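S.K.: Please find one structure pasted underneath; my questions will follow.
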Amino acid sequence: QVQLVESGGGLVQAGGSLRLSCVGSGRIFGSSAMGWFRQAPGKEREYVAAINWDGGLTHLGDSMEGRVAISRDNAKNAVFLQMNNLRPEDTAVYYCAARPRSDYSTIWQQYAYWGQGTQVTVSS
């Protein structure tokens, strides 16, 4: 079992930056791949980025490619999403998710555990 808590969302002007954090509890966090997804009102859940169990492999989705970076610190049971040059269309609830396997996935249905989400609002 993994419990996840996101933080770091908020209101930011276009062009600004935010760093989201996700802290997990549970023995399997350190061996789980992690992903970040987002969902805007009325839209499908969208993949943002993912990282394998030890941070050696990362993947960035098309939605924020070039403006986002994912990292993790297993000693702190944490995964991070650095977002730069934010745009109004990035406004959404951002979720971190854990996949109890070492390899990441870009498909949200392959993640077993989810946080409650953190709201990111980008003003123009």
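Any read-out appearing in this document is the output of simple, stated calculations on the displayed coordinates, not a laboratory observation. Values in this document were obtained by computation on a predicted structure and should not be read as measured data. Here the Cβ is made from the backbone with ideal geometry for all residues, glycine too, and neighbour counts use every protein chain on show.
S.K.: Hey, how many Å between the Cα centroid of segment 1-36 and the Cα centroid of segment 59-124?
M.R.: Cα centroid to Cα centroid, the span is 7 Å.
S.K.: What share of the DSSP beta bridges in the chain is antiparallel, in percent to the nearest 5?
M.R.: 90 percent
S.K.: Sticking with this structure for a sec: Rank Ala50, Ala112, Ala33 by mean-square fluctuation in a GNM of the chain with C-alpha springs under 10 angstrom and give only the top-ranked residue.
M.R.: Greatest mean-square fluctuation among the candidates belongs to Ala112.
S.K.: Relative contact order for the chain: what is it in percent, counting Cα pairs under 8 Å that are at least 6 residues apart? List each step's numbers first, then the result.
M.R.: Details: 341 pairs, mean separation 44.8, N = 124.
Here the relative contact order equals 36 percent.
S.K.: Loop-only trypsin sites (Lys or Arg not before Pro) in segment 71-123, please: DSSP not H, G, I, E or B, and at most 16 other Cβ atoms within 10 Å.
M.R.: Numbers: sites: Arg72, Lys76, Arg101; in loops: Arg101.
Those that pass, being in a loop and sparsely packed, are Arg101.
S.K.: Given DSSP loops and a limit of at most 11 other Cβ atoms within 10 Å, what is the longest stretch of the chain that contains no such GluC sites (Glu not before Pro)?
M.R.: Details: sites that count: Glu44, Glu65.
Formally, the longest exposed-site-free interval is 66-124.
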